[in-house]
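Inspection log for the structure reproduced underneath, given as C-alpha coordinates.
The values are calculated or read from the model by the stated rules, or taken from the named source; none is laboratory data. Values in this document were obtained by computation on a predicted structure and should not be read as measured data. Ideal geometry is used to build each Cβ from the backbone, glycine not excepted, and the neighbour counts take in all protein chains shown.
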Amino acid sequence: MQVTPQCVVALTWTLKDTLGDELDVLSEPVEFLVGGDDLLARIEEALQGHDPGDRLDLHLEPEDAFGDYDDQLVFLEARALFPAELEEGMTFEGLPPGTNPQAPRDRLFTVTEIYPEHVVLDGNHPLAGIALRLHLKVEGVREATEEEIGRGSAGTGFFRVQGA
(Lines give C-alpha, C1' and ligand atoms only; values in the text may rest on other atoms or scores of the structure.)
Protein backbone atom coordinates (compact mmCIF):
# COMPACT_ATOMS: atom_id res chain seq x y z
CA MET A 1 0.00 0.00 0.00
CA GLN A 2 1.23 3.49 -0.87
CA VAL A 3 1.07 6.53 1.37
CA THR A 4 -2.20 8.39 0.75
CA PRO A 5 -4.32 10.82 2.79
CA GLN A 6 -6.08 9.18 5.73
CA CYS A 7 -3.60 6.34 6.07
CA VAL A 8 -1.20 5.53 8.89
CA VAL A 9 2.48 5.49 8.05
CA ALA A 10 5.17 3.93 10.25
CA LEU A 11 8.40 5.93 10.08
CA THR A 12 11.96 5.84 11.34
CA TRP A 13 14.21 8.88 10.96
CA THR A 14 17.30 10.84 11.75
CA LEU A 15 16.72 14.53 12.36
CA LYS A 16 19.68 16.92 12.08
CA ASP A 17 20.23 20.65 11.98
CA THR A 18 21.99 22.23 9.01
CA LEU A 19 25.37 21.84 10.73
CA GLY A 20 24.85 18.07 10.78
CA ASP A 21 24.29 17.80 14.55
CA GLU A 22 21.80 15.06 15.40
CA LEU A 23 18.68 16.35 17.13
CA ASP A 24 16.66 13.14 17.22
CA VAL A 25 16.98 9.54 16.07
CA LEU A 26 14.00 7.24 15.89
CA SER A 27 15.24 3.72 15.25
CA GLU A 28 12.01 1.88 16.10
CA PRO A 29 9.04 2.64 13.80
CA VAL A 30 6.39 5.03 15.09
CA GLU A 31 2.97 5.43 13.46
CA PHE A 32 1.60 8.78 12.27
CA LEU A 33 -1.75 9.62 10.68
CA VAL A 34 -1.35 11.20 7.25
CA GLY A 35 -4.02 13.86 6.80
CA GLY A 36 -4.34 14.49 10.54
CA ASP A 37 -2.41 16.50 13.09
CA ASP A 38 0.59 14.20 13.53
CA LEU A 39 2.93 15.40 10.77
CA LEU A 40 4.03 18.71 9.31
CA ALA A 41 2.38 19.52 5.97
CA ARG A 42 5.72 19.48 4.11
CA ILE A 43 6.47 15.95 5.38
CA GLU A 44 2.99 14.72 4.43
CA GLU A 45 3.38 16.15 0.93
CA ALA A 46 6.75 14.45 0.48
CA LEU A 47 5.42 11.08 1.67
CA GLN A 48 2.52 10.92 -0.82
CA GLY A 49 2.77 7.94 -3.18
CA HIS A 50 5.70 6.31 -1.38
CA ASP A 51 5.84 2.62 -0.47
CA PRO A 52 7.25 0.74 2.52
CA GLY A 53 11.03 0.64 2.25
CA ASP A 54 11.27 4.03 0.52
CA ARG A 55 13.72 6.56 1.96
CA LEU A 56 13.40 10.33 1.74
CA ASP A 57 15.75 13.19 2.52
CA LEU A 58 14.01 16.47 3.30
CA HIS A 59 15.33 19.93 4.02
CA LEU A 60 12.83 21.95 6.03
CA GLU A 61 13.22 25.68 6.50
CA PRO A 62 11.74 27.06 9.74
CA GLU A 63 8.55 28.19 7.97
CA ASP A 64 7.98 24.57 6.83
CA ALA A 65 8.85 23.14 10.24
CA PHE A 66 8.26 24.82 13.61
CA GLY A 67 8.24 28.45 12.52
CA ASP A 68 10.55 31.33 13.25
CA TYR A 69 11.64 32.01 16.81
CA ASP A 70 9.30 34.56 18.39
CA ASP A 71 10.85 36.52 21.28
CA GLN A 72 7.32 37.69 22.19
CA LEU A 73 6.73 34.15 23.52
CA VAL A 74 9.43 34.48 26.20
CA PHE A 75 8.14 35.53 29.62
CA LEU A 76 9.80 36.45 32.91
CA GLU A 77 7.52 35.40 35.77
CA ALA A 78 7.69 35.45 39.56
CA ARG A 79 9.40 32.35 40.99
CA ALA A 80 6.77 32.12 43.76
CA LEU A 81 4.07 31.22 41.20
CA PHE A 82 5.74 27.89 40.43
CA PRO A 83 6.25 24.64 42.36
CA ALA A 84 9.24 24.39 44.70
CA GLU A 85 10.57 21.44 42.68
CA LEU A 86 11.29 23.43 39.54
CA GLU A 87 14.05 22.50 37.08
CA GLU A 88 15.24 23.89 33.75
CA GLY A 89 13.67 21.94 30.93
CA MET A 90 10.38 21.35 32.75
CA THR A 91 7.28 22.18 30.71
CA PHE A 92 3.92 23.67 31.59
CA GLU A 93 0.78 23.65 29.48
CA GLY A 94 -0.24 27.27 29.79
CA LEU A 95 0.93 29.42 32.66
CA PRO A 96 -0.37 29.45 36.24
CA PRO A 97 -2.76 32.13 37.54
CA GLY A 98 -1.04 35.40 38.34
CA THR A 99 1.33 35.28 35.39
CA ASN A 100 1.34 37.70 32.45
CA PRO A 101 -2.21 37.88 31.05
CA GLN A 102 -0.71 38.46 27.56
CA ALA A 103 0.80 34.97 27.56
CA PRO A 104 -1.10 32.53 25.34
CA ARG A 105 -2.88 29.92 27.45
CA ASP A 106 -2.81 27.17 24.79
CA ARG A 107 0.98 26.87 24.54
CA LEU A 108 3.50 24.54 26.06
CA PHE A 109 6.07 26.62 27.96
CA THR A 110 9.57 25.39 28.77
CA VAL A 111 11.49 26.62 31.80
CA THR A 112 14.76 27.91 30.34
CA GLU A 113 16.29 29.71 33.34
CA ILE A 114 15.61 29.87 37.08
CA TYR A 115 16.62 32.80 39.26
CA PRO A 116 15.93 33.29 42.99
CA GLU A 117 13.02 35.66 42.28
CA HIS A 118 12.11 34.90 38.65
CA VAL A 119 11.63 32.14 36.09
CA VAL A 120 12.17 32.48 32.33
CA LEU A 121 9.57 30.60 30.27
CA ASP A 122 9.73 30.06 26.52
CA GLY A 123 6.57 29.29 24.54
CA ASN A 124 8.43 28.60 21.31
CA HIS A 125 8.76 25.04 20.07
CA PRO A 126 12.29 23.83 20.96
CA LEU A 127 13.05 23.58 17.22
CA ALA A 128 11.61 26.99 16.26
CA GLY A 129 13.92 29.02 14.06
CA ILE A 130 15.98 26.00 13.04
CA ALA A 131 16.29 24.64 9.51
CA LEU A 132 16.11 20.86 9.66
CA ARG A 133 17.41 17.95 7.63
CA LEU A 134 15.25 14.87 7.93
CA HIS A 135 16.26 11.45 6.64
CA LEU A 136 13.27 9.20 6.97
CA LYS A 137 12.31 5.69 5.98
CA VAL A 138 8.78 4.44 5.36
CA GLU A 139 8.64 1.26 7.44
CA GLY A 140 4.99 0.47 6.82
CA VAL A 141 1.66 1.81 5.58
CA ARG A 142 -1.85 0.77 6.61
CA GLU A 143 -5.38 2.07 6.41
CA ALA A 144 -6.34 4.37 9.27
CA THR A 145 -9.13 3.31 11.62
CA GLU A 146 -12.27 5.40 11.96
CA GLU A 147 -11.17 6.28 15.51
CA GLU A 148 -7.77 7.57 14.30
CA ILE A 149 -9.41 9.63 11.56
CA GLY A 150 -11.96 10.98 14.03
CA ARG A 151 -9.35 12.21 16.49
CA GLY A 152 -6.95 13.32 13.73
CA SER A 153 -4.05 11.32 15.15
CA ALA A 154 -2.52 7.88 15.35
CA GLY A 155 -1.54 8.88 18.87
CA THR A 156 1.92 10.29 18.21
CA GLY A 157 2.49 14.00 18.00
CA PHE A 158 6.24 14.50 17.54
CA PHE A 159 5.62 16.80 14.60
CA ARG A 160 2.36 18.24 15.88
CA VAL A 161 2.44 22.02 15.72
CA GLN A 162 1.21 23.91 18.78
CA GLY A 163 -1.63 26.37 18.51
CA ALA A 164 -0.55 29.95 17.94
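A103 satisfies every condition listed in (1) modelled with pLDDT of 95 or more; (2) under 30 Å from A78 (Cα atoms); (3) among the small types (G, A, S) except (1).
The test for being at pLDDT 95 or above and loosely packed, with under 12 Cβ neighbours inside 10 Å does not hold for G98.
With assigned to a loop (DSSP other than H, G, I, E, B), closer than 19 Å to H135 by Cα and not assigned by TED's automatic domain parsing to the domain that holds G94 as the only criterion, which of D24, D38 stands out?
Matching residue, one of D24, D38: D38.
Selection of segment 53-67 for residues being charged (D, E, K, R) and loosely packed, with under 14 Cβ neighbours inside 10 Å yields R55, D57, E61, E63. For V25, the stated conditions do not hold, so it cannot be described as of a type in the set (V, I, T), closer than 30 Å to E143 by Cβ, crowded, with 16+ Cβ neighbours inside 10 Å and at pLDDT 90 or above. Candidates are the residues of segment 28-52 that are over 15 Å from A144 (Cβ atoms) and small (G, A, S); the one that is surrounded by the most Cβ atoms within 10 Å (Cβ to Cβ) is A46. The single residue among P104, P116, P52, P83 that is part of a loop (DSSP other than H, G, I, E, B), free of Cβ contacts under 8 Å to residues at least 24 places away in the same chain and of a type outside the set (S, T, N, Q) turns out to be P83.
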